[in-house]
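In what follows, a structure is listed as structure tokens, so that the remarks can point back to it.
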Amino acid sequence: MTADLGHTDGGMDGMLLSRAEMTFNFAGARLEPARDREVLGWMMNQFLYGEITGIQIGHWLYQAPDIEAARFLARQAVEEFQHVDNFLRIMTLLGVSPAPAHPVLRFLATGMMGGSWAEHVALEMAAGEGFVLMCFYAIIDTLDQPRVVDILTRAVKQEERHVAFGEAQTMRVIDGRPWLRRRLLGLNLVSLWAVRRLARVMSTRLPQDSPVLRQLPQFLARVVASHELRMRRMGLLDVPLDRLSSVRRALLVAEAYVGKVLGAVVGLLLWPVGFVTGRRKRRLTDTYLSDPAIQKPAITDGQ
Ligand SMILES: [Fe+2]
Ligand SMILES: [Fe+2]
């Protein structure tokens, strides 16, 4: 190992990374609710979908390895559904409406749902919620809407705990299991591909007159670097990412993911078909936009 991996105990709420290590400096650029309404609306709808995927916790509660983990998940489920209400409140404050999430986001949050406890804690909690947390920090640091910033500031404390739990559980499951460590690394490489893909979508589909959005490529580089640091501190990765040859990456991904990716991509492609024909089991992640709780939320002021 040649990189300075730094301390591993200075993070927020037990995370392996500090907030500073998960923060990008936008150099004073601001998100302005009026000018950046379309960008903010798009982003909030991706977050809303992500919070709706809190239903997946039910699946993992059933597979929790011990009572402490089950108790954590039960509490997390309550928190994720509080976050749904948070985003509905934020959308009202920003004057934007619930709308469908982008397919790439659905792929990341649902299509690639973990197939085992190890995948869940490594990919959905340590990695996925880590990516989301960096976006929340970025919005808190740049958005000119104090009430929205207040709501997000409260939410990040909970997300930090979710990420810390994912990191700790990941380290536990890979201990003494090199094959699992390799597999989780391969899965993480695909997650990073999807995150880059999502950033490309944002660069091509959203208006670029926001000085924050114009820094998206640099922000993305920071997200990737932070995630690399997290993988190294968890022990998933023992060399810098750029030292992994493309052949090695391809082998890792193939070993870890080939069946899973194909299944998820086919599922993604067939999603509209299944949705229309009704042959696919419809879950909240399919129906939430027409749910009364989303259409006419009972949201109290201040939360
Ligand atoms: Fe959440
Ligand atoms: Fe969370």
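Taking only alpha carbon atoms, region 123-172 gives an Rg to Rh ratio of 1.07, where Rh is the Kirkwood radius. When the Cα convex hull of the chain is projected onto planes of every orientation, the mean area is 15.9 nm².
For region 54-132 versus region 190-261, the inter-centroid distance based on Cα atoms is 20 Å.
Calculated mean residue ellipticity, 222 nm, the chain: -20000 deg cm²/dmol, from DSSP H runs (n ≥ 4) at -39500 (n - 2.57) each, averaged per residue and rounded to 500.
Computed from the coordinates by the stated procedures, all read-outs in this text should not be read as laboratory data. Note that the coordinates shown come from a computational prediction; the quantities given were computed from them, not determined experimentally.
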